[in-house]
1. On full extension of the chain, what length is gained from residue 9 through residue 133, given 0.36 nm per residue of separation minus the C-alpha to C-alpha distance?
2. Please compute the modelled spin-label separation between residue 126 and residue 81, points set 7 Å along Cα→Cβ, answer in nm with one decimal.
3. Out of these labelled values of Rg/Rh (Cα atoms, Kirkwood Rh), (1) 1.01; (2) 0.98; (3) 0.94, which was calculated from the coordinates shown here?
4. Could you work out how far apart the two model spin labels at residue 34 and residue 194 are, taking each label as a point 7 Å from the Cα in the direction of the beta carbon, and quote it in nm?
5. What do you get for the angle between helix 81-98 and the principal long axis of the chain? Use alpha-carbon atoms, 0 to 90 degrees, nearest ten.
6. Over the Cα atoms of region 19-75, each weighted equally, I'd like the Debye log10 I(q)/I(0) at q = 0.13, 0.26 Å⁻¹, rounded to two decimals.
7. Mind giving me the FRET efficiency for residue 61 and residue 41? R0 is 30 Å, r the Cβ-Cβ distance, nearest 0.05 is fine.
8. For region 135-219, give me the percentage of DSSP beta bridges that are antiparallel, rounded to the nearest 5 percent.
């Protein structure tokens with residue numbers, strides 16, 4: 001049996017819980033009363049169902065910058081203007097050619113397994129009917145894109161390793177500081193076997209949709225604008 005070791009490089013801090021929030025977790029039936037000390041100490045891990053229940057209970061909110069990784073609810077930094085602009089333009093470029101072929105999800109969760117539900121900046125997903133309501137899992141994912149400035153170490157360290165281990169077929173990391181995009185494909189364990197970097201003046205296409213050709217310069221903010 002092969003053991004996959006996942007890197008912790010760049011992992012953001014876990015979200016702390018207050019005494020009042022722990023009481024709310026107990027009232028909502030998310031934890032038992034005897035687990036409050038573990039939650040306060042950061043020792044309690046959560047599954048996806050518990051994580052989602054926190055929003056329904058009003059403990060977490062839709063606009064909270066958090067995501068669930070390996071049972072930990074971690075804090076994500078605010079989205080800066082260059083990050084938002086790059087994400088906006090990637091969405092604008094992807095949606096028209098993929099209408100009727102795939103769903104383009106912006107900053108929404110995908111469920112890697114029972115204890116991880118990251119929220120990539122963009123996920124290109126299997127198209128399904130409106131009546132099919134529920135989470136997307138790794139077999140439903142064509143491509144994940146992470147736009148990175150202050151989160152670069154996390155995106156290409158701990159987070160990338162978890163995408164690979166879950167079998168996500170392709171990940172793009174848009175490095176705003178270097179003004180380049182690195183494509184990771186062919187997951188093997190906690191790594192990707194095929195890695196290629198594209199810079200301004202070059203174009204990139206997702207493996208699942210090779211006819212969709214994006215110029216790197218068309219979604220990369222001007223140099224010096226990343227923060």
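Every read-out reported here was derived from the displayed coordinates using simple, explicitly stated rules and does not represent laboratory data. Please read these numbers as outputs of a predicted model, since none were measured by experiment. Glycine gets a Cβ as well: all are built from the backbone with ideal geometry, and neighbour counts include every protein chain shown.
1. On the way: separation 124, 0.36 × 124 = 44.64 nm, distance 3.40 nm.
Length gained, residue 9 through residue 133: 41.2 nm.
2. Placing both labels 7 Å along Cα→Cβ, they lie 4.1 nm apart.
3. Calculated Rg/Rh (Cα atoms, Kirkwood Rh): the matching label is (2).
4. Using points 7 Å along Cα→Cβ, the separation is 5.2 nm.
5. 70 degrees
6. Results for region 19-75 at q = 0.13, 0.26 Å⁻¹ read -0.28, -1.22.
7. Details: r = 24 Å, r/R0 = 0.79.
The pair residue 61/residue 41 has a calculated efficiency of 0.80.
8. Working: 16 of 21 bridges.
Of those bridges, close to 75 percent are antiparallel.
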